[in-house]
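Read through the structure below, which is laid out as structure tokens, and then see the notes.
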Amino acid sequence: MGAQLIRKQGGSGTRRRRRGHAAKMAEINVTPLVDVMLVLLIIFMVAAPMLTVGVPVELPRTAAGALAAEQEEPLTITLTADGIITLQTTEVPENEVIPRLQAIAAERQNDRIFLRADGAIPYARVVQVMGALNAAGFSNIGLVTDTGGPSFGGQAGQ
């Protein structure tokens with residue numbers, strides 16, 4: 001599809017005419033789209049583990065292993081060292097904990113909730129919050145801890 005030379009009959013000059021370049025290209029170049037999508041995938045894969053509940057708590061250490069993953073986003077309630085109760089990342093006053101949890105329990109399929117309590121919190125306070133969770137309809141309470149604690153002579157993960 002190169003240029004052609006056409007001679008005029010009466011003149012000595014030449015004129016170039018292009019063929020096939022008048023039609024627009026109707027194909028989509030997918031390569032930049034794939035590149036952008038792969039970069040976004042890598043960004044989300046790196047950022048996803050950092051998107052956990054962001055309330056700073058010094059969790060106690062135990063030798064227990066991790067629980068199996070769930071289909072729903074885990075519901076987490078946190079007790080900070082200052083005694084503040086947070087639901088996911090929202091601070092909740094004590095008198096609103098049970099009504100909010102009951103509203104959430106009505107929308108969820110399972111009754112699992114994770115309790116994150118600072119190691120400096122008295123045991124009685126943790127048990128009081130566990131009672132409130134049970135009263136709100138959550139009977140499957142998982143206590144969140146850090147690994148690497150004492151194993152008391154047993155094997156870690158048992």
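FYI, it's all coordinate maths here, none of it is from the lab. Note that the structure is a prediction, hence the values are computed from the model and not measured. Please note: Cβ atoms are built from the backbone with ideal geometry, for glycine as well, and neighbour counts cover all protein chains shown.
Here are a few things to note about the model shown:
- Charge tally around residue 80: other residues with Cβ under 14 Å, Lys/Arg +1 each, Asp/Glu -1 each, net -3.
- Stokes-Einstein D in µm²/s, Kirkwood radius over Cα pairs - the range 57-147 at 37 °C with 0.692 mPa s viscosity: 243 µm²/s
- For residue 117, the residues whose modelled amide H falls within less than 5 Å of its own, excluding neighbours fewer than 5 places apart on the same chain, are 79, 144.
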